[in-house]
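Okay, structure first, notes after.
The values are calculated or read from the model by the stated rules, or taken from the named source; none is laboratory data. Note that this is a predicted model, so its numbers are computed, not measured. Methodologically, a virtual Cβ is constructed for each residue, glycine included, from the backbone with ideal geometry; neighbour enumeration extends over all protein chains shown. Heavy atoms of the whole protein, side chains included, go into the accessibility calculation; ligands, DNA and RNA do not. Shrake-Rupley method; radii C 1.70, N 1.55, O 1.52, S 1.80 Å.
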Amino acid sequence: ELPGKTKRYKFVRDEGWERKLLEKSLRGLKAECIEEEKKFKITVQLPDKRTQKVFIRFDRQDMHGNQIIVISSICGKIDNSLFQDCLKENANLSYGALGIAKLGEEDMFVVTDTQLAHTADPQELKSAILHIAQKGDVLEKVLTGQDVH
């Protein structure tokens, strides 16, 4: 049985560790980072002069109370004809999964990954950010043909 309410975070880190981890993770990438209350929006430069926004959150926890890092990218509005293709694509992802999330009142396709915060490694986070950005951009191209998110 799943617990009804999660516990508080089990560990404490130095103030600002999230930004320091991201700074190390983003070294060597063409990316711009904006912070708002332990939430970060990273605009990653991709080939073909495209960009993809990746959102990083440090304010979540798993059902055991472990702090997690959530990495996600919005791909575009739901297209019912693509549900089966998206589920099949999940098996090919090395990081994360395709899913659905609300953006305001709209259901959107998103690519999301999570990592445990207390074992977070800059290189692993960098790889996840790049992968999520690239997969998000590919799906965005399919859904919209544009470079919006």
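Checking E140 against (1) crowded, with 20+ Cβ neighbours inside 10 Å; (2) among the acidic types (D, E); (3) outside any strand (DSSP E or B); (4) under 14 Å from the mean Cα position of the chain (by Cα): exactly one of these is not met. Which one?
The one condition E140 does not meet is (4).
Looking at the stretch 25-42, I want the residues that are under 22 Å from Q134 (Cβ atoms) and have a partner that is part of a loop (DSSP other than H, G, I, E, B) with Cβ atoms under 9 Å, at least 6 apart or on another chain. Which pairs are those?
S25/A120; S25/D121; I42/L29
Report yes if some residue within the stretch 121-134 is outside any helix (DSSP H, G or I) and within 15 Å of the chain's Cα centre (by Cα); otherwise report no.
Taking every residue of the stretch 121-134 in turn, none turns out to be outside any helix (DSSP H, G or I) and within 15 Å of the chain's Cα centre (by Cα).
When the stretch 109-132 is examined, which residues are found to be over 15 Å from V70 (Cβ atoms), touching a residue at least 24 places away in the same chain (Cβ under 8 Å) and open to solvent by less than 80 Å² (accessible area, probe 1.4 Å)?
Answer for the stretch 109-132, where residues must be over 15 Å from V70 (Cβ atoms), touching a residue at least 24 places away in the same chain (Cβ under 8 Å) and open to solvent by less than 80 Å² (accessible area, probe 1.4 Å): F109, P122, K126, S127, L130.
Considering only residues that are in a strand (DSSP E or B) and among the aromatic types (F, W, Y), which ones fall in the stretch 44-86?
F55, F58
What are the residue pairs meeting all of these: first residue in the stretch 51-79, first residue on the phi > 0 side of the Ramachandran plot, second residue open to solvent by 30 Å² or more (accessible area, probe 1.4 Å) and of a type outside the set (K, R), Cβ atoms under 9 Å, and 6 or more apart or on different chains?
G65/T6; G65/Y9; G76/V142; G76/L143; G76/T144; G76/Q146; G76/V148; G76/H149
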